[in-house]
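See below for the structure under consideration.
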Amino acid sequence: MRLPVASATCSPTLPVRSRGQGHLVNLPDAKRPCVCWSVVAQGGLPAQYEVDVEGQGQLACLDCNHSHFILVDNGTHGSYGAEISLRTQLERFISQKTTSQDGPGMSIRIPTVCVVLEGGLGTLNTIHSAVSRGTPCVVVAGSGRVADVLAQVAGLPVGAITVALVQQKLAALFPETCEFTELCVLQWAKKIQDIVCSRQLLTIFREGRAGQQDVDVAILQALLKASCSHGHGGHKNWERQLQLAVAWNRVDLARSEIFTEERQWKPKELHSLTLEALRTNKPDFVRLFMESGVRLQDLATPDALQDLYSHLETKLHRARAGCPEGLPGGWQGVL
């Protein structure tokens, strides 16, 4: 896919200046020679990039709301979808990494979610690719086109998602598009069926719906639902759900989705997460864990206390370093 960008580069990153600040990230292909275009004659570094949506035709401009860009070029021009395979592999790679912590704190696998707003065939291919690799998707209903097609059929049995139904949805939601060929409709129907088959990876966000006032809630719910899939099992599944809730500081979802009659927690199972809640100043979770039988005196081992005080000392040091005139009022109150 070729984007209307001022330059290409062999360096790891190239700063771009427009209405927002961003960086182009280059991932060189060892099988292909790297072609460099000088940008010095066009204004030097950072490169000047003008957003010109009106004059690009079928091409796409860089979005100034993003901080970094990865440009993928397979040698074609004006053809969308070259990035889908790389995007999916990159998301999968990132999701297998864990968050880093100073000291013995909680580390969790980095969550990845595909959020779908509007979109066309390329978006459908992206969703299909993401789901096939186990990445949960949040579809924003009411945003148009592909997102609305999926939102309208997600609750149907797979057998009810027929070619005729898909053709009807396409005609209603893509009125500006020329008539879809029979082969294209068949391909859309098959991919939509595959996506809906993985219901544990599909979450429909409807604005204003009870319990879904915020997209971040829908994203966390998608992660919680995905962790219940066949790829996770037993105690590890429940622990990952609770780790995510603690990391996002959503005690409301922990109470409604995790601390239920379906799963009874033993106090010992909550010890490490209680220490994490203390380390990261999440009193609502400490209260929840104490309600579930955790006794703080059972956690007051020399190692645990040393870790908590060391963590507090590190935070105080950072606060002093970032505030030359003295500690903020909140910290002074604590001291």
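The table below lists the values:
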item: Ranked Phe259, Phe205, criterion: other C-beta atoms within 10 Å, fewest first; result: Phe259, Phe205
item: Cα→Cβ-extended label distance, 7 Å offset, between Asp284 and Glu54, nm; result: 4.7
item: Theoretical gain in end-to-end length, Asp73 to Val215 [0.36 nm per residue, Cα-Cα removed]; result: 47.9 nm
item: Chain lengthening between Arg206 and Ala172 when straightened (0.36 nm per residue, less Cα-Cα); result: 10.3 nm
item: Order by protection proxy (mean Cβ within 10 Å, highest first), peptides 155-165, 273-283; result: 273-283, 155-165
item: Kirkwood hydrodynamic radius over Cα pairs of the range 114-205, then Stokes diffusion coefficient at 20 °C and 1.002 mPa s, in µm²/s; result: 166
item: Interchain or long-range residues, amide H under 5 Å from Val139's placed H; result: Val116, Thr203, Ile204, Phe205
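Read the figures in this text as sums done on the coordinates, not as results from a lab. What you see is a predicted model, and the numbers here were worked out from it, not measured in a lab. Methodologically, a virtual Cβ is constructed for each residue, glycine included, from the backbone with ideal geometry; neighbour enumeration extends over all protein chains shown.
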